[in-house]
Amino acid sequence: MKIYKLIILSLTFGWIISCAPQEQSEQVTTPSDVMSNHDHTEHEGHNHGEMGHSDRDHEETEGAHEEGAIHLTRDQIKTVGIEFGDFKEIKINDYIPATGGLGLPPKSYSSVSAKAEGFIKNCGKFVEGSFVKKGQIIAHLENPELIQRQQEYLEVQAELTFLNQELARQRQLVNANAGVQRDLQKLEADVMKKTARIKGIAKQLSYLGISVEQLTPDNIRERIAIVAPLTGHVTSINLHDGMYVTPQMVLMDIADDHHLHLELDVFEKDIAGLKEEQKITYTAPALGKEVYEGEVHVIGKEFNPENKTLRVHGHLVGKHPKFIKDLFVDAKIWLDNQSVPALPDDAIIREGVASYIYAANPNISGEEVEFNKIMVLPGATSKGYTSVKLVDAVPTGMKIVISGAYYVYAQSQAGELEHEH
């Protein structure tokens, strides 16, 4: 009986153990559980509805921000260390921007023309940029009238020689009371006329480049030389062999660059800062990035109303770029340590060719602060500060971001920051 009871107990205990996991995994549904689940479902739906309503309110709040505006919370401003301030008046070697070119005084330019009508012969091999010396033969001019003028000079010269001889005989006769006073007077008048005529022809031939001192019937010239009037470089050329030219035609332009100077245009707003002997630095972008020096020599007296500029003439100092007519230069006319409004370098954001600063009113109520983007024109930089000219005014009551401006810029690129909930 004991053994039988032990067997019964063992089987009963094994059955309980084997049934325990199945009972634990099974769930019994009762009416109260159904009601509880129903209430829970309604409660969750209600919560989801409330959350959706909150999100819409948040989206509407964000949508109320002005498009393109930048907003930061006060916690974010504190975390990234944004600081507000204003301009500082500091002494900085600022400059006046100017543009223009390399120029020459009028006496450094010369145009080459033929001194008479005729045909071009033996034209030299010149091109724009060629160097020529004063007196150098550029071409020859042929014209039959040149021969006729020389012939006329020689004929008048012979007539004048005869008249002078006859005049001398008549004077002897008159002195001996054997001549007629009237004949003497006529000869004197003829000599004066021939003398005036021969001198006039001699001047004409000299102008054409023909010397009459050595002129004889055996050395009459059929052509004359066209020569360079000064030493310099050819800037334009318009002649070739066989071309018929007149004195009114410009055959070549020559420029002498020994008196090269700067001709700059300064805008109206910067005229007050101009003084003679101010230092100039300039570059010729077409020739590279090398910086050259000069100084203000003459400040123009005539204002250009069309482009609102004043002409400034500058002397070159030391090395200068090679002369190219109408070559563009970009210049800076340096001021003498004047006090100018400036901001820390980090306050200025450069985006392409444009530059900006940010301003906000940190004292306004509310959790968020709105930042305005303001375009500026940066100038010279010294000891961590940059001179600044405002394109648009800073709104009343706003302070400038003097530290952390790059963080504000980064947020403007990424859009509105997400608010922490």
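The values are calculated or read from the model by the stated rules, or taken from the named source; none is laboratory data. All of these numbers come straight from a predicted model, not from anything done at the bench. Cβ atoms come from the backbone with ideal geometry, glycine included; neighbour counts cover every protein chain shown.
When residue 388 is tested against (1) more than 29 Å from the chain's Cα centre (by Cα); (2) modelled with pLDDT of 80 or more, exactly one condition is not met: (1).
None of 302, 290 is within 19 Å of the chain's Cα centre (by Cα) and loosely packed, with under 13 Cβ neighbours inside 10 Å except 290. Of all residues in region 170-208, those being surrounded by 12 or more Cβ atoms within 10 Å (Cβ to Cβ) and touching a Lys or Arg at 6+ places or on another chain (Cβ under 7 Å) number 5.
So, in region 311-332, how many residues would count as being within 24 Å of residue 301 (Cα to Cα) and either touching a Phe, Trp or Tyr at 6+ places or on another chain (Cβ under 6 Å) or hydroxyl-bearing (Ser, Thr, Tyr) (or both)? Residues meeting the conditions: 3. Restricting attention to region 149-178, the residues that are under 60 Å from the mean Cα position of the chain (by Cα) and either at pLDDT below 90 or over 25 Å from residue 194 (Cβ atoms) (or both) total 0. Pick from region 243-278 the residues that are closer than 20 Å to residue 379 by Cβ and in contact with a Gly (Cβ under 8 Å, 6 or more places away or on another chain): which of them is surrounded by the fewest Cβ atoms within 10 Å (Cβ to Cβ)? If we take residues in region 243-278 being closer than 20 Å to residue 379 by Cβ and in contact with a Gly (Cβ under 8 Å, 6 or more places away or on another chain), then 265 is surrounded by the fewest Cβ atoms within 10 Å (Cβ to Cβ). Can you find even one residue in region 82-90 that is aromatic (Phe, Trp, Tyr), assigned by TED's automatic domain parsing to the domain that holds residue 345 and modelled with pLDDT of 90 or more? Within region 82-90, one or more residues are aromatic (Phe, Trp, Tyr), assigned by TED's automatic domain parsing to the domain that holds residue 345 and modelled with pLDDT of 90 or more. Screening 114, 139 for residues that are touching a residue at least 24 places away in the same chain (Cβ under 8 Å), of a type in the set (A, V, I, L, M), within 29 Å of residue 217 (Cβ to Cβ) and in contact with a Pro (Cβ under 9 Å, 6 or more places away or on another chain) leaves exactly one candidate, 114. With respect to the conditions (1) part of a strand (DSSP E or B); (2) aliphatic (A, V, I, L, M); (3) under 24 Å from residue 77 (Cα atoms), residue 393 lacks only one, and its number is (1).
Tell me whether region 373-383 contains one or more residues that are within 30 Å of residue 296 (Cβ to Cβ), in the same structural domain as residue 86 (by TED's automatic domain parsing), surrounded by 19 or more Cβ atoms within 10 Å (Cβ to Cβ) and β-branched (Val, Ile, Thr). Checked against the condition, which is being within 30 Å of residue 296 (Cβ to Cβ), in the same structural domain as residue 86 (by TED's automatic domain parsing), surrounded by 19 or more Cβ atoms within 10 Å (Cβ to Cβ) and β-branched (Val, Ile, Thr), region 373-383 yields at least one hit. Scanning region 97-114 for residues that are surrounded by 13 or more Cβ atoms within 10 Å (Cβ to Cβ), part of a loop (DSSP other than H, G, I, E, B) and either among the polar types (S, T, N, Q) or at pLDDT below 90 (or both) yields 104, 113.
Among the residues of region 317-352, those identified as within 11 Å of residue 102 (Cα to Cα), among the aliphatic types (A, V, I, L, M) and at pLDDT below 90 are 324, 327.
Picking from residues in region 116-151 that are buried (at least 17 other Cβ atoms within 10 Å of the Cβ) and of a type in the set (Val, Ile, Thr), the one that is nearest to residue 256 (Cα to Cα) is 132.
Among the strands (runs of 3 or more DSSP E) confined wholly to region 258-349, which include 1 or more residues that are out of contact with any Lys or Arg (no Cβ under 9 Å at 6 or more places or on another chain), in contact (Cβ under 8 Å) with a residue 24 or more places away in the chain and of a type in the set (Ser, Thr, Tyr)?
Fully inside region 258-349 and qualifying: 309-317.
Residues in region 53-81 that are in a strand (DSSP E or B) and at pLDDT below 85: 70 alone.
So the check is Cβ under 8 Å with 6+ separation or different chains; which pairs have a first residue in region 65-87 that's farther than 22 Å from residue 393 by Cβ and a second one that's part of a helix (DSSP H, G or I) and modelled with pLDDT under 85? From region 65-87, the pairs are 72/411.
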